[in-house]
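The values are calculated or read from the model by the stated rules, or taken from the named source; none is laboratory data. In this text the structure is predicted, and so the values were computed from the model without any measurement. No Cβ is skipped: glycine too gets one built from the backbone with ideal geometry, and neighbour counts run over all protein chains shown.
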Amino acid sequence: MKVSIVIPCYNERDTIERIVEAVREAPLQSREIIVGDDCSQDGTQALLREKVSQMIDRVTYHPVNQGKGAALRSGFAAATGDFIVVQDADLEYSPEDYPLLLEPLISGKADAVIGSRFMGGRPHRVLFFWHMVGNKFLTLLSNMLTNMNLTDVETGYKAFRATLIKSIQIEEDRFGVEPEIIAKLARTGCRVYEVGISYSGRTYAEGKKINWKDGFRAIFAIFKYNLDRRRV
């Protein structure tokens, strides 16, 4: 059983090497590490080519910046494992949680596992109140249309059976990919589990990229991919 770790990356010079090292140290028997660089401009690409590429299996480079969704498309296409884990490059999510994410998949109980920042007893850094409010609103809106009872639709930590996520056409280029994936998972009728994960969020000064425009796009994506039943 091989696990593909897909790391979407944009301007993460200060963290990309550390997250790759953490992934390499994670408790997995067999893994491949794929970095999808979305046209980084801060020196990340030079670091990937000169040092990090020797620590991973492959890197995909975008000639222009497109967004997280586009980086995930490239990473999913390159993955060859039985399971695929999405690992952001910014150190907000810990590879130490891989056993939690993968257990429902490995045991055959789940087809997709969502890592929630709002359930379980794992440690969480205390940050933005209004981000929490916005996330809960988006989660409620998504749940109303999918008829699911998730607690964290906007989480970046997800794991899938590779055949399942590869069968889903990812259309969103930016952060709208999160509710898009949830909507399309619900459409398939697959078995979705949710587990509590740790979370060490960043401030904007530390490099956080999501903003209010992404929140409005998430609302648009929730309606778009839940109401248009042709989109899978």
The conditions are (1) at pLDDT below 95; (2) closer than 19 Å to residue 8 by Cβ; (3) in a helix (DSSP H, G or I); (4) not hydroxyl-bearing (Ser, Thr, Tyr), and residue 220 fails exactly one of them. Which is it?
(2)
Residue 82 vs (1) within 26 Å of residue 167 (Cα to Cα); (2) at pLDDT below 95; (3) among the acidic types (Asp, Glu): all pass except (2)
Are there any pairs with C-beta distances below 7 angstrom linking a residue in segment 1-24 that is assigned to a helix (DSSP H, G or I) to a residue that is surrounded by fewer than 17 Cβ atoms within 10 Å (Cβ to Cβ), with the two at least 6 apart or on different chains, and if so which?
17/51; 20/55; 24/55
Can you tell me which of (1) within 15 Å of the chain's Cα centre (by Cα); (2) part of a helix (DSSP H, G or I); (3) surrounded by 20 or more Cβ atoms within 10 Å (Cβ to Cβ) is the one residue 166 doesn't meet?
(3)
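This table checks each residue for (1) touching a helix residue (DSSP H, G or I) at 6+ places or on another chain (Cβ under 8 Å); (2) farther than 26 Å from residue 106 by Cα; (3) among the hydroxyl-bearing types (Ser, Thr, Tyr); (4) at pLDDT 95 or above.
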residue: 13; (1), (2), (3), (4): yes, yes, no, no
residue: 26; (1), (2), (3), (4): yes, no, no, no
residue: 32; (1), (2), (3), (4): no, no, no, yes
residue: 49; (1), (2), (3), (4): no, yes, no, no
residue: 52; (1), (2), (3), (4): yes, yes, no, no
Matching entry among 113, 133, 85 (being β-branched (Val, Ile, Thr) and either assigned to a loop (DSSP other than H, G, I, E, B) or surrounded by fewer than 22 Cβ atoms within 10 Å (Cβ to Cβ) (or both))
133
